[in-house]
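Everything below concerns the one structure shown next.
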Amino acid sequence: MDEDSKPLLGSVRAGEYYTDSLDPKQRRPFHVEPRNIVGDAQEQVSAEAAALSSRVHYYGRLTASSDRLLVPPDHVIPSPEDIYVYSPLGTAFKVQGGDSTAKNPSIVTVFAIWNTMMGTSILSMPWGIKQAGFTLGIIIIVLMGLLTLYCCYRVLKSTKSIPYVDTSDWEFPDVCKYYFGGFGKWSSLVFSLVSLIGAMVVYWVLMSNFLFNTGKFIYNYVHNVSTSDAFGTNGTDRVICPYPNLDPDGDSSTHQYYVSENSTGQVFDLWWSKTNTIPLYLIVLLLPLLNFRSASFFARFTFLGTLSVVYLIFLVTYKAIRLGFHLDFHWFDSSMFFVPEFRSLFPQLSGVLTLAFFIHNCIITLMKNNRHQENNVRDLSLAYLLVGLTYLYVGVLIFAAFPSPPLSKECIEPNFLDNFPSSDVLVFVARACLLFQMTTVYPLLGYLVRVQLMGQLFGDHYPGFLHVFILNILVVGAGVLMARFYPNIGSIIRYSGALCGLALVFVLPSLIHLTSLNRRGELRWPSAVFHGFLVLLGVANLFGQFFM
């Protein structure tokens, strides 16, 4: 009965935090235009439901949201068949039953988190292990997985620590605003945008790479051109070293992109260049897609991410079986073909892993759909275990199977697919699949950037074509410049990962937990020391990217 008496459109006060749900830009209507409905093409929102929506809004404007005298009566509330739920991508889904029907079992939740977390970082895992050393790399992957899991757990529990406030529809930026005001809200927004834009830049670099190699494979096949791809091994399962004779003690990846590409034909090389022309060709394809009002069409292809990861695992397994393992342990000293087990460049791996294990800005939303809420911590832990094992599997197998000698482990590229020639059919399939998948995911990332930024600045995720077009030009321009002058996905991932991880992984979850304990009078020095250490670790992880 108490629930029946609550107003549909109310406000919440807690300390200095205040949200007025009467703001039409913050309210979510219970029905949408028929063209946005997902499902049966004949399905329509009834005129009666539309009228009821207007009545609910009318009741909300008759008095202040804190006044309970004019709560919309039951006959104004729409019937269940006319209720729709918005997805984060702007589409609407009809409610088919009670809450239980919209919930997912634990196995679905675990794999949803795994699929969301799996991204381009998996291509850089062998390179990261090479930078840190084989033994230290494995240790860092395990430790970073545990630390980011704990910080993600703190984010998940952050809404539960707020008393006397209904936080059922809150996200992490709302929690940051509750504790730290406008600074918390905007800092979480800025660093979330850093992670999204960083991912878009990496996608542009990778799409340029995959499109170049895919086109090169097709050209060579059609014209029956036989090329010798750089320095590498012989045999059917060739492995190449595109940029040999690198400095084993430095971050040689920053200097490797000025080497001329392999020639297949003078005219073809002129118009089909990985850094000079391909990044510009992508503008014609992707810039128009970024200007779509809704990204619901591209959301239908998200399953391709799972298929791509599964195929990569198969490819890595096959190559490891064919090549065998090539390991020789040198604990601190380099050799001609092998790297030490412990290297001073390990912060580069920790930076990559910060983004590889990053899901903190959307974990609350993902876990809301879990059918058994009491199992949230267990399911989150299982998802992180699955992600960590996947990274270890790919990173360790590629590093161990890399043929040394005759090639040095220093030849492992930030994108390990670059260590295979463009004529490799299995790798060609992987590049083509990843290219198509990234082409569909890139507009989704752009849509999320637009929703977060435009929603905060203008109160509307599509304030006008000119606003959206200027934003898209800036984002695309960043990708083109990086693909042209610094196409090193390993470094891009580690810098963006360390920067956004500083706030959203280490600092904000720790400070929110400490502030909550302090307000309840439960703060003790062991907790203060541990979470203070997490904050310092995030700062050290960021600075390590510049000095190591």
So, with points 7 Å from each Cα along the Cβ direction, the Leu466-Val425 label distance in nm works out to 5.5
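Pull out the extension gain between Tyr221 and Tyr281, defined as 0.36 nm times the separation in residues minus the alpha carbon to alpha carbon distance; nm, one decimal. Numbers along the way, then the final one.
On the way: separation 60, 0.36 × 60 = 21.60 nm, distance 2.18 nm.
The span from Tyr221 to Tyr281 would gain 19.4 nm if fully extended.
May I ask for the Rg/Rh ratio of the stretch 264-420, computed from Cα atoms with Rh as the Kirkwood radius, given to two decimals? Provide the component values of the computation, followed by the final result.
Details: Rg = 20.8 Å, Rh = 19.9 Å.
Dividing the radius of gyration by the Kirkwood radius yields 1.04.
Could you work out the relative contact order of the stretch 297-434? I mean the mean sequence separation of Cα pairs under 8 Å and 6+ apart, divided by the number of residues, in percent.
On the way: 83 pairs, mean separation 50.7, N = 138.
It rounds to 37 percent for the stretch 297-434.
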Bin by bin, in steps of 5 Å, what percent of the Cα pairs in the stretch 103-187 do you find, going until the bin that has the longest distance? 3, 11, 13, 17, 17, 14, 13, 8, 4, 1, 0
Note, ³J(HN,Hα) from phi for the stretch 461-474, Karplus 6.51, -1.76, 1.60, rounded to Hz, x at Gly and Pro: 6, 9, x, x, 4, 5, 4, 5, 5, 5, 4, 5, 4, 5
Hey, can you rank 150-161, 366-377, 196-207 by average C-beta count inside 10 Å, highest first? 196-207, 150-161, 366-377
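May I ask you to order 273-280, 316-323, 501-508 by the average number of other C-beta atoms within 10 Å around their residues, highest value first?
Working: 273-280: 18.0, 316-323: 15.9, 501-508: 26.2.
Going by the mean number of other Cβ atoms within 10 Å, highest first, we get 501-508, 273-280, 316-323.
Based on the alpha carbons, how large is the Rg to Rh ratio for the stretch 265-352 when Rh follows Kirkwood? Don't jump to the answer; show the numbers that get you there.
On the way: Rg = 21.2 Å, Rh = 18.6 Å.
That ratio is 1.14, to two decimals.
Over the stretch 324-400, what per residue volume does the convex hull of the Cα atoms give, in whole Å³? Don't jump to the answer; show the numbers that get you there.
Numbers: hull volume 9.1 nm³, N = 77.
Normalising the Cα hull of the stretch 324-400 by residue number yields 118 Å³.
Rounded to the nearest percent, how much of the accessible area of the stretch 442-542 (1.4 Å probe, protein heavy atoms only) is carbon and sulfur? Could the numbers behind the result be given before it?
Working: 3170 of 4270 Å².
Heavy-atom surface of the stretch 442-542 belonging to carbon and sulfur, 1.4 Å probe: 74 percent.
Tell me, in nm to one decimal, what length is gained between Trp271 and Met548 on full extension, where the rule is 0.36 nm per residue of separation less the Cα-Cα distance?
Details: separation 277, 0.36 × 277 = 99.72 nm, distance 3.73 nm.
Gain in length upon complete extension: 96.0 nm.
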Evaluate the Kirkwood expression for the hydrodynamic radius of the stretch 379-438, namely the inverse of the mean inverse distance over all pairs of different C-alpha atoms, and round to one decimal in Å. 13.5
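Hey, could you get me the Stokes-Einstein D for the stretch 503-548, Kirkwood radius over alpha-carbon pairs, 37 °C and 0.692 mPa s, rounded to whole µm² s⁻¹?
Details: Rh = 11.2 Å.
For the chosen part, D equals 294 µm²/s.
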Please label the shape of the stretch 420-548 as rounded, prolate or oblate, based on the square roots a ≥ b ≥ c of the eigenvalues of the alpha-carbon gyration tensor (a/c under 1.5 means rounded; beyond that, a/b larger than b/c means prolate, else oblate). oblate
Would you report the distance distribution of C-alpha pairs in the stretch 447-509 as whole percents per 5 angstrom bin, up to the bin with the largest distance? 4, 15, 16, 17, 20, 18, 10, 1
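Please compute the length gained on full extension between Lys368 and Thr236, using 0.36 nm multiplied by the number of residues separating them and subtracting their Cα-Cα distance. The partial results should precede the final answer.
Values: separation 132, 0.36 × 132 = 47.52 nm, distance 4.92 nm.
Gain on extension, Lys368 to Thr236, equals 42.6 nm.
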Can you tell me, using C-alpha contacts under 8 Å and at least 6 residues apart, the relative contact order of the stretch 97-190 as a whole percent? 11
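The values are calculated or read from the model by the stated rules, or taken from the named source; none is laboratory data. Owing to the predicted nature of the structure, the values given are computational and were not obtained by experimental measurement. Note: ideal-geometry Cβ built from the backbone for every residue, glycine included; neighbour counts use all protein chains shown. Heads up: the accessible areas ignore ligands, DNA and RNA and are worked out on the full protein's heavy atoms, side chains in. Shrake-Rupley method; radii C 1.70, N 1.55, O 1.52, S 1.80 Å.
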